[in-house]
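Scroll down for the structure; my scribbles are underneath it.
Derivation of every value follows stated rules applied to the coordinates shown; laboratory data play no part. Just so it is clear, the structure is predicted and the values come from calculations on it, not from any experiment. Please note: Cβ atoms are built from the backbone with ideal geometry, for glycine as well, and neighbour counts cover all protein chains shown.
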Amino acid sequence: MPGIDDPDEIDVIAEDVDGNALLSIVQRGAWSADGSERGRLKRKLRTYLRYALTGQMVNTHPSLRGRPVVIALMYEEPPPQALLDYWRRRGEAAARDGVTLTTKALGDTVWRA
């Protein structure tokens, strides 16, 4: 899975249990203590927002047309507080475009095919 080390790739596209279009950024392993992943996370989020908001997502997955979009930052280990703060601030801005940002531990996730 690409994760934030490949900011130009979409990691997971699915429909969640609530019927939302769910785009997941998956971070495996530990985060650096200095928050050096922030730049890659910012770039990855821009990729996801562009994918969701410019019509690319529904062109690729027509069944997601008209669905609310949720972008989830999913992780094995919790991100540093600075990254969580960034995600929250970006979530406020993304909400104006109708996109919800959320976070979730991978251990709390049930994947269905």
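Set the Förster radius R0 to 35 Å, insert the Cβ-Cβ distance between residue 33 and residue 61 as r into 1/(1 + (r/R0)^6), and round the FRET efficiency to 0.05. It comes out at approximately 0.40. Angle between the Cα long axis of helix 38-53 and the longest principal axis of the chain, 0 to 90 degrees, nearest 10? Computed tilt is about 0 degrees.
Expressed in Å, the radius of gyration and Dmax of the Cα atoms of the chain are 13.4, 40.
Shape summary of the range 58-113, radius of gyration then Dmax from alpha carbon positions: 13.4, 36 Å.
Which value, in debye to the nearest 20, gives the size of the charge dipole of the chain about its Cα centre, when Lys and Arg are +1 and Asp and Glu are -1 at the Cβ? Working shown, then result.
Numbers: 16 positive and 16 negative charges, 88 e Å.
The calculated dipole for the chain is roughly 420 debye.
Work out the charge dipole of the range 37-77 with +1 on the Cβ of Lys and Arg and -1 on the Cβ of Asp and Glu about the Cα centre, then indicate which of 64, 54, 41 is farthest towards its positive end. Going by the charge dipole, the pick is 54. A crude spin-label estimate for the pair residue 108 and residue 43, with each label 7 Å from Cα along the Cβ direction, gives 2.9 nm.
Compute the long axis of helix 81-95 from its Cα atoms, compare it with the longest principal axis of the Cα atoms of the chain, and write down the angle in degrees, 0 to 90, nearest 10. Tilt relative to the chain: about 20 degrees.
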